[in-house]
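Inspection log for the structure reproduced underneath, given as structure tokens.
The values are calculated or read from the model by the stated rules, or taken from the named source; none is laboratory data. These figures come from a predicted structure and were not determined experimentally. Don't worry about glycine lacking a Cβ; one is built from the backbone with ideal geometry, like all the others, and counts go over all protein chains shown.
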Amino acid sequence: MAHITMREAISQALWEEMERDPSVFILGEEVGVWGGSYAVTKGFYDHFGPERVRDTPIAEAGIVGGAIGAALVGQRPVAELMTINFAFAAMDHIVNEAAKLHYMFGGQFTLPLVIRTVGGGGRQLGATHSQTPDAIFAHFPGLKVVAPGTPADAKGLLKSAIRSNDPVLFIEHATMYQVRGDVPEGDYTTPIGESKIQRAGKDVTIVTYSKGLEISMKASDQLAKEGVEVEVVDLRSLRPLDMGPVLESFRKTNRAVVVEEGWKSFGVGAEIASRIYEAAFDYADAPVKRVAQDEVPLPYNRTLEQAALPQVDDVLAAVREVL
Amino acid sequence: MNKKEMLELYHEMVLIRRLEERGAELYQQGKIGGFMHLYIGQEAVCTGLIAARQPNDRVITAYRDHGVAISCGISANEVMAELLGKATGTSRGKGGSMHMADTKRNFWGGHAIVGAHLPIAMGMALGDAYANRNNVIICMFGEGATNIGFFHEAVNMSKVWNLPVLWVCENNVYGMGTAVERASAVSSIATKARGYDMPSERADGMDVLHVYQAAKKAIEAVRAGNGPFLLELTTYRFRGHSMGDPERYRKQDEVKKWEQSDPIGIYRGYLLENKIAGVKALDEVDDLATHEVEKAVQFAEASPEPTLEALYENVYADG
Amino acid sequence: MAETVTMPKLGFDMQEGTLVRWVRTEGETVNKGDILAEIETDKATVEVESSASGIVRRLLVDQGEVVPIGSPIAIVGTKDEKIEVPSAAEASAPSVERAAASSTSPPARDGGAAPVVATAGHEALPTKASPLARRMAREANIALGRVQGTGPGGRITRKDIETTIAGGASRVADAGMSTEPSVRITPRNDATVPLSKLRQAIARRMTESKSTVPHFYVTHEYKVDSLLDLREQANSVLQADEKLSVNDFVIKATALCLREYPNLNSVFQGDQVLRRGAINVGVAVSVEGGLLTVVCKDADQKPVRQISAEVKAMAGRARSGKVHPDDIDGSTFTVSNLGMFDVEDFGAIINPPEAGILAVGSARQVAVVEKGEVRAGWRMKATIAVDHRVSDGAEAAQFMQTLAKYIETPLSLFL
């Protein structure tokens, strides 16, 4: 086992896949010479060269469209959108082209592309640079959307995404790059579309992913001291969504809290809660509670921003409510 | 080109014309649904352009794609079956009029979001260049698409990276109901290439041989590694933007005037004048084309609908 | 701009107030802060100030009316402006919202959900129970209405059902019976049994008897020590299938007694009484699905042994469904014996058209007082039911006394 950061895990996955498969190449803004705005591709340019680590103009539609085209003709591009906030400028290519081309043409087109991007708030970057619109992308059949919460999952999922023949949106979190975790040595992949129990418990189920996992685990440690054993289910994939472990846990604990950084309205929690009620209504001893961001654009001021974002205390309060 | 090849160009244009006319009838009978954009009047563009390509050159276009499909070598049967939504269609009935494709014949669709396929075309060129293949991407689009951001991003990137893309603008004067001078800062699209320091040319899209010659030159220039090229072909669509277009934005006088320049008529005249073919031979080709289209309609009508299971097929490649 | 004055919340838990007295009337000028009305809460009467300045355009409630907090009570505005009388819901919503906002966290976090309007007029809600609790209650056959909910808003949760189940089990355990920790109640279903012909007949005849014949009852306790001794002696020399029962003696005794009381061996016939000549003692025999009365004819003339044999045979036929019409026809007085069931005494229903029936209990060893001393003795109670149209208490009592002669000195049955 290696004990590395999320950044290192993602970087390693990319590096190893590029070494392994010459059709894998990276394109995006500042990925090459700059080394990546989050330093994920630091060192890549010198090693792999400008053809395989391709700096692009500021042209998100061009980046994603370009990745689509390259994928169509047999390459495995890993496009980077500097932040998920900029993904909107490529919305058509992500949800209208990448998600649909394989289907619309009767399976003739294969799109083995990955779009890596970064979401989340908490760094006082203002409303347009701080969003977590994951649920929007997870809405579209034809696209796969993953968002790891641990370095081990990040490395395994990115490898799976790159090796997948489907378009995968790989969502990283801006404030989790330095999170450390154990990562298996050697080559391994983590399957896309599988949830994982990150912490076993019997009193209440927390369903979460990405940054939500971090605060949920902290809340669970606190709750354990009070004698409450929380079971934390990490979704890891938003589409395909694996409800198996979630429902199994819910049938055991009869109460659930969904923790996400996006907004509550029309968010991930709305989907999870619905599916819990559809499949396990008679096991519910309390309504499913959702912890999410306040329904406001995220402000610059630090206190206000932190107040709007879900914190450990919010998770604690929600768990206590359902107990 | 030899006589046979030249006659084949005529056949292709007439086939496309008959296909479109028959398609319009079927649409009005309610057998074709959704949107349908007819290529009538523009036949010389796809015919001349694609005749100039090598088989390994890729073609991608927007939604006015039936003629392009035929020129790429897809049978009238498959085109008609796709129009009727049958399982034997180019896209197994899942795409419809706007989304025909056949990767085996290097036809990459059939795209409905205006301008969105341009970055994809640029990407295909990127991918081919990455693999050191020596092919050209022929990307067709209307003049309306040159005003959307995707055009700028794609063309710019193709030039920055020196990619082998032939940008072909079919300037048929109208972007839906908006004439080019109302929508674009410059009405001659070839002019826009200057903004990218990209070579360009403007040719008469109603004359199939002019198109062929201009295309041949441009394709080879691109293949030679000179980077992207913008070829503007001026043309005109004799029918509306799509079925059901009441055409309030243009006068019928204008349409009639352009119909004098019917590409099929022009080429027919050329063949007769230069004694490449006689009236009888050309009439036979006309009849053959009509017959082919009828067989295509029969094929399509007799073909099965996709099964209900097909609804869930091909959402993902990996499942 | 006219302003609506609403019933203010004057206390933490105030839900409504009574408008005791308007201090200002319609048309009067009022300044913000002036006393507008006196309002009574359940704690005190309070003077309430106007929240607006202007003319009192409209007083919306009468003196003495009880008004929920937040409801509009008056409109204050300028003299001539057009005013609209607000509906209760409109004006009450904002003040409830304010009240809610002051006591909870800001609504923004909750996604802007509309606050609940706590005004009058909400319908009764169904029992609040979590889906899990409902399922558990269903499976354990517990009525939700009986469960105390301790969840939010009084919701019944799993815990509450578990408590209810455990409570039921512990009550049973307290009663000293051994049970499992939680008793599982099995629902018992009703069953429909069609009436047999016999049962229908009994139902008909007994209803007729009880509702038309005025019954009265006389009970007598008989000393049966001698009877039992005699029986024992007799049975010691009889074969197994000939053994005499106590009832055989009673039948003979009754028959002999009826010779002396022919009035009880009769039939009421409206304006006359038919005294039957023969003394045919009916003997009630329990059969499957009911009761049959087999008849020992001329019992007074037959020896006990014969009575016993006949009754045995007829009862046997009755029980096996092979009864002869003769067996059950012609009874003039019935004897019904429940002695084999440890019955002290009971009252029987007369078999119409007879005039009486003797109900015989068990022979029991009881404490008796003889010559001032308590000792053990055998006693047997019998109760006669008599048709009061034919006879009276005195005669019946005398009959029972005379019967004692035969029962308590059983040798008299053989003389």
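Taken across the stretch B:289-311, residues that are in a loop (DSSP other than H, G, I, E, B), closer than 30 Å to B:V114 by Cβ and touching a strand residue (DSSP E or B) at 6+ places or on another chain (Cβ under 9 Å) do not occur at all. Mind checking which residues of the stretch A:291-320 are within 10 Å of chain C (Cβ to nearest Cβ), within 20 Å of A:G119 (Cα to Cα) and either assigned to a helix (DSSP H, G or I) or in contact with a Ser or Thr (Cβ under 8 Å, 6 or more places away or on another chain) (or both)? Within the stretch A:291-320, A:Q293, A:E295, A:A307, A:A308 qualify.
Across the stretch A:277-290, what is the total count of residues that are away from chain C (no Cβ under 11 Å) and crowded, with 17+ Cβ neighbours inside 10 Å? Give the derivation first.
The first filter runs over the stretch A:277-290 and keeps only residues away from chain C (no Cβ under 11 Å), leaving A:278-279, A:288-289.
Adding the requirement that they be crowded, with 17+ Cβ neighbours inside 10 Å leaves A:288-289.
Going through the stretch A:277-290 one residue at a time, the tally reaches 2.
Search the stretch A:57-72 for residues being surrounded by fewer than 24 Cβ atoms within 10 Å (Cβ to Cβ) and within 16 Å of B:A125 (Cβ to Cβ), and hand back the single one that is nearest to the other protein chains (Cβ to nearest Cβ). Spell out the reasoning first.
Residues of the stretch A:57-72 surrounded by fewer than 24 Cβ atoms within 10 Å (Cβ to Cβ): A:57-59.
Among the residues that remain, those that are also within 16 Å of B:A125 (Cβ to Cβ) are: A:57, A:59.
On the way: A:P57: 6, A:A59: 4 Å.
Among those that are surrounded by fewer than 24 Cβ atoms within 10 Å (Cβ to Cβ) and within 16 Å of B:A125 (Cβ to Cβ), it is A:A59.
Among residues of the stretch B:292-319 that are within 14 Å of chain A (Cβ to nearest Cβ), those with a Cβ under 6 angstrom from a residue that is part of a helix (DSSP H, G or I), sequence gap 6+ or separate chain, pair up as B:S303/B:A81; B:N314/A:H102; B:N314/A:Y103; B:V315/A:Y103; B:A317/A:H102.
Residues in the stretch B:132-143 that are within 12 Å of another protein chain (Cβ to nearest Cβ) and farther than 30 Å from B:T178 by Cβ: B:N132, B:R133, B:N135.
The single condition among (1) in contact with a Leu (Cβ under 7 Å, 6 or more places away or on another chain); (2) assigned to a loop (DSSP other than H, G, I, E, B) that A:Q124 does not meet is (1).
Scan the stretch B:211-227 for residues that are surrounded by 17 or more Cβ atoms within 10 Å (Cβ to Cβ) and within 19 Å of the chain's Cα centre (by Cα) and the total you get is 6.
Within the set B:M122, B:M80, the sole residue that is facing chain A (nearest Cβ under 10 Å) and over 13 Å from the mean Cα position of the chain (by Cα) turns out to be B:M122. Summed over the stretch C:350-367, residues that are free of Cβ contacts under 8 Å to residues at least 60 places away in the same chain and farther than 23 Å from C:E395 by Cα total 5.
How many residues does the stretch A:132-154 hold that are part of a loop (DSSP other than H, G, I, E, B) and either surrounded by fewer than 23 Cβ atoms within 10 Å (Cβ to Cβ) or within 14 Å of chain B (Cβ to nearest Cβ) (or both)? Explain how you work it out, then say what you get.
Initially, the stretch A:132-154 is screened for residues part of a loop (DSSP other than H, G, I, E, B), giving A:132-133, A:139-143, A:147-150.
Filter again for either surrounded by fewer than 23 Cβ atoms within 10 Å (Cβ to Cβ) or within 14 Å of chain B (Cβ to nearest Cβ) (or both), leaving A:133, A:139-143.
Adding up the residues that qualify gives 6.
Residue check: B:R58 meets all listed conditions (1) away from chain A (no Cβ under 14 Å); (2) farther than 30 Å from B:E309 by Cβ but one, namely (1). Candidates in the stretch B:176-211 are the residues that are in contact (Cβ under 8 Å) with a residue 40 or more places away in the chain and part of a strand (DSSP E or B); of these, the one that is nearest to the other protein chains (Cβ to nearest Cβ) is B:T178.
This table checks each residue for (1) more than 10 Å from chain B (Cβ to nearest Cβ); (2) under 19 Å from A:Y209 (Cα atoms); (3) buried (at least 23 other Cβ atoms within 10 Å of the Cβ).
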| residue | (1), (2), (3) |
| --- | --- |
| A:F86 | yes, no, no |
| A:D92 | no, no, no |
| A:V95 | yes, no, no |
| A:L111 | no, no, yes |
| A:Q124 | yes, no, no |
| A:H129 | yes, no, no |
| A:S160 | no, yes, yes |
| A:P167 | no, no, yes |
| A:V183 | yes, yes, yes |
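Kindly establish whether B:H99 is outside any strand (DSSP E or B), at the interface with chain A (Cβ under 10 Å from one of its Cβ atoms) and under 15 Å from the mean Cα position of the chain (by Cα).
Values: outside any strand (DSSP E or B): yes; at the interface with chain A (Cβ under 10 Å from one of its Cβ atoms): yes; under 15 Å from the mean Cα position of the chain (by Cα): yes.
Against the criterion (outside any strand (DSSP E or B), at the interface with chain A (Cβ under 10 Å from one of its Cβ atoms) and under 15 Å from the mean Cα position of the chain (by Cα)), B:H99 qualifies.
With the structure loaded, tell me whether C:E395 is surrounded by fewer than 19 Cβ atoms within 10 Å (Cβ to Cβ), charged (D, E, K, R) and within 30 Å of C:D271 (Cα to Cα) or whether it fails that test. Step through it out loud before you land on a result.
Details: surrounded by fewer than 19 Cβ atoms within 10 Å (Cβ to Cβ): yes; charged (D, E, K, R): yes; within 30 Å of C:D271 (Cα to Cα): yes.
Taking the combined requirement at face value, the residue satisfies it.
Inspect the stretch B:7-30 for any residue being on the phi < 0 side of the Ramachandran plot and part of a loop (DSSP other than H, G, I, E, B) and give the result as yes or no. So far as the stretch B:7-30 goes, yes, one or more of its residues are on the phi < 0 side of the Ramachandran plot and part of a loop (DSSP other than H, G, I, E, B). State whether the residues of the stretch A:2-12 include one that is at pLDDT 95 or above, under 30 Å from B:R58 (Cα atoms) and either surrounded by fewer than 24 Cβ atoms within 10 Å (Cβ to Cβ) or away from every other protein chain (no Cβ under 14 Å) (or both). Checking the stretch A:2-12: not a single residue is at pLDDT 95 or above, under 30 Å from B:R58 (Cα atoms) and either surrounded by fewer than 24 Cβ atoms within 10 Å (Cβ to Cβ) or away from every other protein chain (no Cβ under 14 Å) (or both).
Quick one: in the stretch A:73-84, of everything that is aliphatic (A, V, I, L, M) and more than 8 Å from chain B (Cβ to nearest Cβ), which residue is farthest from B:I148 (Cα to Cα)?
The initial filter retains those residues of the stretch A:73-84 that are aliphatic (A, V, I, L, M), namely A:73, A:78-79, A:81-82, A:84.
Right, trim to more than 8 Å from chain B (Cβ to nearest Cβ) and you get A:78-79, A:81-82, A:84.
On the way: A:V78: 25, A:A79: 22, A:L81: 21, A:M82: 23, A:I84: 22 Å.
If we take residues in the stretch A:73-84 being aliphatic (A, V, I, L, M) and more than 8 Å from chain B (Cβ to nearest Cβ), then A:V78 is farthest from B:I148 (Cα to Cα).
Just one of the listed residues (B:A87, B:A129, B:A112) is assigned to a helix (DSSP H, G or I) and either within 12 Å of another protein chain (Cβ to nearest Cβ) or under 23 Å from B:G142 (Cβ atoms) (or both), and it is B:A129.
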